[in-house]
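Notes follow once the structure below has been shown.
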Amino acid sequence: MFSLRKIMALQIVSIVCFILLTGCTAKNQLRQIEQADSVIKYKESLAKPTRFSNLYPGKKSYLITCKDNCYQSSPVVECETPAENCRFIGEQSPPKVNTGFSFRWLGHASFYIKSPEGSTLLLDPVSEQFDWPVNWAFKLSAGFFRNEPQWPSLSEIGDVDAVLYSHIHYDHFNKADIEKIGTDTQYFVPLGFAAHFPNNGYRINEMAWFSKTTLAELKINFVPAHHFSSRILIPYLYEDKDVTLWGGWVIEHQGQRIFFAGDTGYSEHFKDIQQRYGDMDVCLMPIASYFHRENSAWYRYVHTTPEDALVAAQALNCKVMIPWGYGNNSWKMGDHSSHSPLLRLLKMHKAMNSPIPLHILNEGEEVTF
């Protein structure tokens, strides 16, 4: 439960955030974005400004839910204390997926990706804490700052060709990081996102669901997710709620497809993506922030449980799934502990007899498929 002091702190933070949010604009959409087949769904409301909606809103039913012993220890996850400060130590044989892409998991939803021909991408980079002053609001309510991850070197950051963002929530988009990354790279973002950049030369490409563009040898496709967006914490200050879009990414290269889900709950949009693009080779899937208490319906509505992620990966026909969201550098938002989602994933992968191969990364590790 939040104390009155914590609620007042969050209110003050929200007001400051709203003040900082207004007046920021960015333009310079430089790349050709093909929007002909794009899809947008708006909320049926007279509210101004227009707000986006999920493709499949409404009450959900889920194929399977872990109910008993969901967080039992595993011989391949070595922990200092139960489900905390852990490291995956299992032996893994990379599946026969010849994409030529390398994937370095930086922590939470952040990835550093290199294509077979050398193009480099950052997905949802957040190198430190939340943007100020939300970082202190989180510390006040949760009692800790997250452990900061090992970040790419300055030369690697300087050579990044593109940054792809899924949505504007603080754990996926950090204004301090775009200042560090700078204006020499391309930014691919959802509709409405450019207003959150300073207006000083950033090359920003806003995209609708199922729109596409190119980057060197890569095809970049923005795809739906089942989520929401906002930067303001207190409900009565939700002027920005759902006025920017949210989604995931399909990155294509010579018939190979990389899927990054972004934050999402399970819905029929996964089947839509598979039908439009075909089977996915490597799927980067969220398995955390679904909340472990009985009142978890809203959290699960917008975040996949580990078992939901496995069902989604099967709908996408993923050849391999790399999970994210857990870890020693996580914020542990809505989860038992740093590695409870991973323990639940390993249990449910076996219980469901899932045909989807898993490849588990510790933060900072890299794999090439």
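If you bin all the Cα-Cα distances of segment 217-369 at 10 Å, starting from zero, the percentages per bin are 11, 39, 36, 13, 1. Cross-linked pairs K59/K241; K219/K319; K319/K347; K175/K319: Cα-Cα separations exceed 23 Å for K175/K319.
Cβ-to-Cβ counts within 10 Å put W249, W324, W151 in ascending order as W151, W249, W324, the fewest first. Shown for D240, D263, D131: other C-beta atoms within 10 Å of each C-beta, ranked fewest to most, produce the order D131, D240, D263.
Readers should treat all values here as calculations from the given coordinates under stated rules, not as data from a laboratory. Remember, it's a predicted structure, so these values are computed and weren't measured experimentally. Note that we place each Cβ from the backbone using ideal geometry, even for glycine, and neighbour counts take in every protein chain shown.
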